[in-house]
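After the structure tokens below, expect a handful of questions from me.
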Amino acid sequence: MKLDPVTLATPFFILAIVLEIVLARLGRARAAYEPRDTAASLLMGLGSTAAGLVTGGLAAAAALYAYQHRLFDIPMTALWAWVVIFLLEDLTYYWFHRLSHERRIWWAAHVNHHSSQHYNLSTALRQTWTGGVAGTWALWLPLAFLGFPPAMIAIQKGISLVYQFWIHTEAIGRTPRWFEAVFNTPSHHRVHHARNPRYLDRNYAGILIVWDKLFGTFQPELDEEPCRYGIVKNLGDFNLLRVAFHEWAGMARDVAAHPRHALGYIFGRPGWSHDGSRDTSRSLRADWAARALSAEESPPP
Amino acid sequence: MSQSFFIQFGASLAAVAALVALAAWAKIAKPMTPLTDERARTLLEQEFPGRRLERIWVAVDGRGALAKSGAAALVLCEVGDGYVARHIPWGQAVASSFRDGVLRLDLSDVAAPLARLALLNWPPSPEPRAA
Ligand SMILES: [Zn+2]
Ligand SMILES: [Zn+2]
């Protein structure tokens, strides 16, 4: 456990949050903190480490099993192996993250990371309690099956998580252009946390933003459209159980009310409904695009 | 679970408490001022783009608003230093319980079950003034 990058980085996380709060208080950095929101985010983070212990064993056993049936022997000591796993793990993360937004059952496990109306370093620690149950860890099994040692995969996953901490801030505007072009940055990830229709379901990247550019989900942050953070339907309070489980409860409610449409309510896009009465990210984006177009076409007064 | 986990968990819990206390001390939440008619309209337009607001009621404490838009009631409520919005059938809003100057709206949503709005009276007079 000594090599776990997240554990090693925890003191740095705490110091960085202290710094962000103090700088904001002094008016030297852009950041907003609401104490109840901060408490919810940090307790979600703490709870997720405990939840990880419950389901982590199963995920580790599965990774070990896949590794025992591996195709190749990949040495943990080779530099090339680290370069390859960096790219493959980041690609896996992109698809994990995209799936987590595009299918309700996995959105139910991920939504808590987005339900804060704030975007600060504490938001980064707002992690899932139900990711293990949702089973998305299975997406990393092919890496073990290829021959990457499970410890190596775990370390790379940790590095990615630690990298993604610092980008949850409004204190940093834009980084140098070459960096924005290649890496996930505060600016790109602000867009990911925004609920403005044109920003919905964009920028799924972990470390490299190039995957979004490659797969057509990239959206730069626009000065004329400031990010409004949160989810399409924001939460009514800061109750931790609501933060952790509201989408699961909503899904169960829908399945119970419409059992014939259970598959749609579980595996459909978030917001999918059998009668089309609700909004999905796609319909919201389409509405926005249509309004933007008609505003452009109508002559100025 | 090992003893070291509990020590780590306890230390983390203490760190959480300290950070929350620091955030409370810093008073750096987004500034909230009571809603005006104009601000409520702007927020409702953000939440429900393109919806025509026939009539709007801003809470007497400025912490929420309700608007009639066709067959729907658009509800806006303060939560912390932000807002939460939902729409419910207009008939349901009209029939909602109003006691001691507080309208309680059942939003039928696990994510935000209930909205409370402080209003002078409810239900509204059937003769709507021009919005
Ligand atoms: Zn996300
Ligand atoms: Zn994030």
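Laboratory data are not the source of any read-out in this text; all were calculated from the coordinates shown. This one's a predicted model, so the numbers in the text were calculated from it and none came from an experiment. For neighbour counting, all protein chains shown are included, and Cβ atoms are generated from backbone atoms with ideal geometry for every residue, glycine included.
Looking at this model, which pairs from B:Lys27/B:Lys68; A:Lys233/B:Lys27; A:Lys213/B:Lys30; A:Lys213/A:Lys233; A:Lys233/B:Lys30; A:Lys157/B:Lys30 are more than 31 angstrom apart at the alpha-carbon? Mind dumping the intermediate values first?
Details: B:Lys27/B:Lys68 35 Å; A:Lys233/B:Lys27 26 Å; A:Lys213/B:Lys30 33 Å; A:Lys213/A:Lys233 28 Å; A:Lys233/B:Lys30 19 Å; A:Lys157/B:Lys30 34 Å.
The pairs that break the limit, which is 31 Å between Cα atoms, are B:Lys27/B:Lys68; A:Lys213/B:Lys30; A:Lys157/B:Lys30.
Can you list residues whose amide H is under 5 Å from B:Ala73's amide H, if they're 5+ apart or on another chain and H is modeled 1.01 Å from N?
B:Ile88, B:Trp90
Just the number: Rg to Rh for segment A:240-297, Cα atoms, Kirkwood Rh, two decimals. It would help to have the intermediate numbers written out before the result.
On the way: Rg = 15.0 Å, Rh = 13.1 Å.
Across segment A:240-297, the Cα-based Rg/Rh ratio is 1.15.
Still on this structure: Listing A:Met251, A:Met152 from the residue with the fewest other Cβ atoms within 10 Å to the one with the most, what is the order? List each step's numbers first, then the result.
Details: A:Met251 19, A:Met152 22.
Exposure proxy ranking, most exposed first: A:Met251, A:Met152.
Also: If you average 1/r over every pair of different alpha-carbon atoms in segment A:187-301 and take one over that average, what Kirkwood value in Å do you get?
Its Kirkwood hydrodynamic radius stands at 16.5 Å.
Shifting gears a bit: Report the residue, chosen from B:Ala14, B:Ala93, B:Ala111, that carries the largest GNM mean-square fluctuation when chain B is represented by alpha-carbon nodes joined by springs under 10 Å.
Result: B:Ala14 has the largest fluctuation of those listed.
So which residue, out of A:Glu224, A:Glu34, A:Glu247, gets the largest mean-square fluctuation from a GNM of chain A using Cα contacts under 10 Å as springs?
A:Glu224
Using C-alpha positions alone, give me the convex hull volume of the protein assembly as shown per residue in cubic angstrom.
Values: hull volume 77.9 nm³, N = 432.
About 180 Å³ per residue, rounded to a whole number.
In addition: Across peptide A:37-44, what mean number of C-beta atoms from other chains lies inside 10 Å of a residue's C-beta? Display every interim value, and only then the final one.
Details: counts 7, 8, 7, 2, 3, 8, 4, 0.
Partner-chain Cβ atoms within 10 Å, mean over residues of A:37-44: 5.
Continuing with this model, one more query. Among A:Ser283, A:Ser116, A:Ser48, determine the one that fluctuates most according to a GNM of chain A built with springs between C-alpha atoms less than 10 Å apart.
A:Ser283
Could you give the length gained on full extension between A:Trp82 and A:Asp237, defined as 0.36 nm per residue of separation minus the Cα-Cα distance, in nm? Walk me through the numbers on the way to the answer.
Values: separation 155, 0.36 × 155 = 55.80 nm, distance 4.32 nm.
Answer, rounded to one decimal: 51.5 nm.
Could you line up B:Val84, A:Val255, A:Val191 from fewest to most neighbouring Cβ atoms inside 10 Å?
Ordered from fewest to most neighbouring Cβ atoms within 10 Å, B:Val84, A:Val255, A:Val191 come out as A:Val255, A:Val191, B:Val84.
Which helices of chain A meet both criteria: a Cα extent of 20 Å or more along the helical axis and a mean Kyte-Doolittle score no lower than 1.6, with helices taken as whole DSSP H segments?
Working: long enough: A:5-25 (29 Å, 1.89); A:35-68 (47 Å, 0.75); A:79-102 (35 Å, 0.46); A:150-166 (26 Å, 0.82); A:240-257 (25 Å, 0.51); A:281-297 (24 Å, -0.63).
Qualifying helices, which must be both long enough and hydrophobic enough, are A:5-25.
Could you list the trypsin sites (Lys or Arg not before Pro) in segment A:1-101 that lie in coil according to DSSP, counting only those with at most 13 other Cβ atoms within 10 Å of their Cβ? Don't skip to the answer; put the middle values down first.
Values: sites: A:Lys2, A:Arg25, A:Arg28, A:Arg30, A:Arg36, A:Arg70, A:Arg98; in loops: A:Lys2, A:Arg28, A:Arg30, A:Arg70.
Within segment A:1-101, the qualifying trypsin sites (Lys or Arg not before Pro) (loop, at most 13 other Cβ atoms within 10 Å) are A:Lys2, A:Arg28.
Based on the Cβ-Cβ distance of A:Leu8 and A:Ala286, what FRET efficiency does E = 1/(1 + (r/R0)^6) give at R0 = 60 Å, to the nearest 0.05?
On the way: r = 45 Å, r/R0 = 0.74.
Once the sixth-power term is evaluated, E becomes 0.85.
What average number of partner chain Cβ atoms lie no more than 10 Å from the Cβ of the residues making up A:13-22? Walk me through the intermediate numbers first.
Details: counts 2, 5, 0, 0, 4, 5, 0, 3, 7, 4.
The per-residue average across the peptide is 3.
Can you put B:Ile28, A:Ile153 in order of Cβ neighbours within 10 angstrom, beginning with the fewest? All intermediate terms of the calculation are to be shown ahead of the outcome.
Values: B:Ile28 25, A:Ile153 22.
Result, fewest neighbours first: A:Ile153, B:Ile28.
Right, another one. Read phi for every residue in segment B:61-75 and hand back ³J(HN,Hα) as whole Hz from Karplus 6.51 cos²θ - 1.76 cosθ + 1.60, θ = phi - 60°, with x for Gly and Pro.
3J(HN,Hα) across segment B:61-75, in whole Hz: 8, x, 9, x, 7, 9, 10, 9, 9, x, 8, 10, 9, 9, 10.
Are there trypsin sites (Lys or Arg not before Pro) in segment A:167-257 that DSSP marks as loop and that have at most 12 other Cβ atoms within 10 Å, and which are they? Write out the running numbers ahead of the final one.
Details: sites: A:Arg174, A:Arg177, A:Arg190, A:Arg195, A:Arg198, A:Arg202, A:Lys213, A:Arg228, A:Lys233, A:Arg242, A:Arg253; in loops: A:Arg174, A:Arg195, A:Arg202, A:Arg228, A:Lys233.
Qualifying residues, ordered by number: none.
Also, I was wondering about something else. Give a residue-ordered list of calculated ³J(HN,Hα) values for segment A:206-218 (Karplus: 6.51 cos²θ - 1.76 cosθ + 1.60, θ = phi - 60°; whole Hz; x for Gly, Pro).
Running phi through 6.51 cos²θ - 1.76 cosθ + 1.60 with θ = phi - 60° gives x, 9, 9, 6, 4, 4, 5, 5, 5, 9, x, 10, 7 Hz.
Semi-axes, largest first, in whole Å: what does sqrt of 5 times each Cα gyration tensor eigenvalue give for segment A:5-215?
Working: eigenvalues 170, 74, 59 Å².
Square roots of five times the eigenvalues give 29, 19, 17 Å.
Binned at 10 Å from 0, what are the whole-percent values of the Cα-Cα distance distribution for chain B, short to long?
Going out from 0 Å in 10 Å bins, chain B shows 11, 35, 24, 13, 11, 5, 1 percent.
Out of segment B:43-89, which trypsin sites (Lys or Arg not before Pro) are coil in DSSP terms and have no more than 16 other C-beta atoms within 10 Å?
Numbers: sites: B:Arg51, B:Arg52, B:Arg55, B:Arg63, B:Lys68, B:Arg86; in loops: B:Arg51, B:Arg52, B:Arg63.
Taking segment B:43-89 and a limit of 16 other Cβ atoms within 10 Å, the loop trypsin sites (Lys or Arg not before Pro) found are B:Arg51, B:Arg52.
Hey, another quick one. Pairing the Cα long axis of helix B:3-26 with the longest principal axis of chain B, what angle in degrees results, from 0 to 90 and rounded to the nearest 10?
Long axis of B:3-26 versus the principal axis of chain B: about 50 degrees.
In whole Å, how far is the Cα centre of segment A:35-71 from that of segment A:141-181?
16 Å
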